[in-house]
Amino acid sequence: MKLINIGFGNMVSAGRLIAIVSPESAPIKRIIQEARDQGLLIDATYGRRTRAVLVADSGHIVLSALQPETLANRLSAREGAADTEEDVPEDD
């Protein structure tokens with residue numbers, strides 16, 4: 001299981017993420033409110049401004065104070081690290 005740091009020491013499973021989006025649009029604001037009403041919202045902003053909304057395959061919505069680009073870079077860096085780890089032969 002690969003974890004991605006979403007800020008303040010909080011981690012989410014990279015394999016469960018469907019999307020990382022900006023919270024500015026009305027449809028995303030509606031998704032956040034619906035998740036809050038259904039008890040599926042996880043607020044990991046620690047009181048700071050929400051800059052990224054992570055959508056999980058379980059229907060959970062995670063709010064992060066980090067920029068979507070930052071999270072995407074961390075996610076792609078983790079995938080790149082996993083690729084290079086597979087290429088390295090192990091000593092027996």
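Please treat every number below as a calculation from the coordinates, not as lab data. Bear in mind that the values here come from a model prediction, so they are computed numbers and not experimental data. No Cβ is skipped: glycine too gets one built from the backbone with ideal geometry, and neighbour counts run over all protein chains shown.
Quick one, can you get me the convex hull of the C-alpha atoms of region 22-61 expressed as volume per residue in Å³?
For region 22-61, the hull spanned by Cα atoms encloses 67 Å³ per residue.
Report, in deg cm²/dmol and to the nearest 500, the calculated mean residue ellipticity at 222 nm for the chain, where each DSSP H run with n ≥ 4 adds -39500 (n - 2.57) and the sum is divided by the residue count.
-12000 deg cm²/dmol
Largest first and in whole Å, give the semi-axes of the chain's equivalent ellipsoid, each being the square root of 5 times a Cα gyration tensor eigenvalue.
Value: 29, 13, 11 Å, ordered largest first.
According to a simple spin-label model (label point 7 Å from Cα along Cα-to-Cβ), what is the distance in nm between LEU40 and ALA72?
Distance between label points: 2.4 nm.
Going by average Cβ neighbours within 10 Å, how do the peptides 27-38, 52-63 rank, with the highest at the top? Walk me through the numbers before you get to the answer.
Details: 27-38: 13.3, 52-63: 18.2.
In decreasing order of mean packing, 27-38, 52-63 become 52-63, 27-38.
For the chain, find the longest principal axis of its Cα atoms and tell me its angle to the long axis of helix 26-38, 0 to 90°, nearest 10.
Approximately 90 degrees, to the nearest 10.
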